[in-house]
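The values are calculated or read from the model by the stated rules, or taken from the named source; none is laboratory data. From a predicted model like this one, the values you see are computed outputs, not experimental measurements. Using ideal geometry, Cβ is built from the backbone for each residue, glycine included, and neighbour counts are taken over all protein chains shown.
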Amino acid sequence: MVEPKQDVHVKDELDEEKVVIDFAAVRAMTMEDADFEKALFDGFEDGVKKILDELALSISASDFDNVKLHGHSLKGLARTLFAAPLVAACEAVEAAALNKDAGLLLRNVELMKAELDEVCELLNTRESEDAVAE
């Protein structure tokens, strides 16, 4: 498995570096077990697809309780990857759903999807690098 030499950082709107996924924390949690890490990353991607489908249905039905539940579920998945920006975006979705603020909810869901895209892109890049290394 090809490991990044350091955690992957991207610049945010304020030109401050953010850690999209804290790979050092993931490696520590998995005790550097490459198979466990792969299962964790694969499980994340599989779980995300299901949650996003359910989230979209809940939003279209204005079912704020289930939107909050799905945001919370995604937050849990994000925590397994130590993806702090995605965790924060999920918390914003939960808060908007709790307040039943449809406008804020839609904005926060877009923010969450943008953070999720960064996480997925990083995981896909990592998969590509792993395939080349094998």
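A compact table of results
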| item | result |
| --- | --- |
| Matching helices (runs of 4 or more DSSP H) fully within the stretch 28-111 where at least 3 residues are touching a His at 6+ places or on another chain (Cβ under 7 Å) and modelled with pLDDT of 95 or more | 34-60 |
| The stretch 24-70, residues that are more than 13 Å from the chain's Cα centre (by Cα) and of a type in the set (Phe, Trp, Tyr) | PHE36, PHE64 |
| Scope the stretch 26-51; condition among the hydrophobic types (A, V, I, L, M, F, W, C) and either loosely packed, with under 15 Cβ neighbours inside 10 Å or in contact (Cβ under 8 Å) with a residue 60 or more places away in the chain (or both); matching residues | ALA28, MET31, ALA34, PHE36, ALA39, PHE41, PHE44, VAL48 |
| Residues of the stretch 90-118 satisfying the condition of being out of contact with any strand residue (DSSP E or B) (no Cβ under 6 Å at 6 or more places or on another chain) and closer than 13 Å to VAL48 by Cβ | CYS90, MET112, LYS113, GLU115, LEU116, ASP117 |
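Yes/no matrix, rows are residues, columns are (1) under 17 Å from VAL26 (Cα atoms); (2) surrounded by 14 or more Cβ atoms within 10 Å (Cβ to Cβ):
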| site | (1), (2) |
| --- | --- |
| ALA56 | no, no |
| ALA61 | no, no |
| ASP65 | no, no |
| LYS68 | no, yes |
| LYS75 | yes, yes |
| ALA78 | yes, yes |
| LEU104 | no, yes |
